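Here is the structure we will look at, set down as structure tokens.
The values are calculated or read from the model by the stated rules, or taken from the named source; none is laboratory data. Note that the structure is a prediction, hence the values are computed from the model and not measured. Every residue, glycine as well, gets a Cβ built from its backbone with ideal geometry; the counts of neighbours run over all protein chains shown.
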Amino acid sequence: MVLALSWFGVVALVSSLVPVVAILPILLYIGMLIGSQAFQETPRSHAPAIILAMIPQIAGWGKTMIDGALGAAGTSASAVGLDKLAGAGVLYHGLATLGGGATLAGIILGAVAVFIIERQLEKAAWFAATGAVLTFFGFIHAEEIGIGQSPGVALGYFGIAAMLYGFAKFAEVSPAKPGQFGEHGEMSAQPAE
């Protein structure tokens, strides 16, 4: 439906007719509902994964706010200088790297965290390896798509994937058993038999 509305220009028409200040409270409300549902409908043990999955979005938002403020002042981050921004405590390059492809990066990070929590380390390794490939080609953690856009981050994902795969194959880690987590995902006092 969204694709059809976009193709036929309905989204652009509505955007030109309805002021942004009227839409923002609705988006804020929807965001609050989605955020609360994320914590209510998932096990408590997965809460760290939810937070980790949101971090790239927050970084992307922070970069957008910095770009907007600098643009309003008639300058840009490159004109001011990344070293001057870093000296003032603004880690612009880090925000740009972490926030690049934020939605997809959040899915990868969240999935890795969930599978680690669930002690399914081989699945976590495969998601981390996928993160390495997506990062290498610039789909996540980069400002544009291309080969070798963020090689350091891709290498980090690959290292995590190798460690998780090694742990899955050579360490004695058993998957979480049904009943090991309580009704809301907290660890039970007694493991399930």
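Note on the range 21-80: residues that are in contact with a helix residue (DSSP H, G or I) (Cβ under 6 Å, 6 or more places away or on another chain), free of Cβ contacts under 8 Å to residues at least 40 places away in the same chain and either exposed (fewer than 11 other Cβ atoms within 10 Å of the Cβ) or within 26 Å of Ile117 (Cβ to Cβ) (or both) total 1. Quick one: in the range 81-95, which of the residues that are among the aliphatic types (A, V, I, L, M) and under 18 Å from Ile55 (Cα atoms) is surrounded by the fewest Cβ atoms within 10 Å (Cβ to Cβ)? Only one residue tops the list, namely Leu91. Of everything in the range 135-152 that is part of a loop (DSSP other than H, G, I, E, B) and among the hydrophobic types (A, V, I, L, M, F, W, C), the residue that is farthest from Pro43 (Cα to Cα) is Ile147.
Has the range 178-187 got at least one residue that is at pLDDT 90 or above, charged (D, E, K, R) and closer than 23 Å to Ile51 by Cα? No, the conditions are met nowhere in the range 178-187.
Looking at the range 96-115, which of the residues that are surrounded by fewer than 22 Cβ atoms within 10 Å (Cβ to Cβ) and aliphatic (A, V, I, L, M) is farthest from Ile160 (Cα to Cα)? Applying the filter and picking the extreme gives Ala96. Cβ-Cβ below 9 Å, separation at least six or inter-chain, first residue in the range 108-130 and of a type in the set (S, T, N, Q), second surrounded by fewer than 22 Cβ atoms within 10 Å (Cβ to Cβ) and part of a helix (DSSP H, G or I): which pairs? Partner pairs satisfying both residue conditions: Gln120/Ala168; Thr130/Ala111; Thr130/Ala161.
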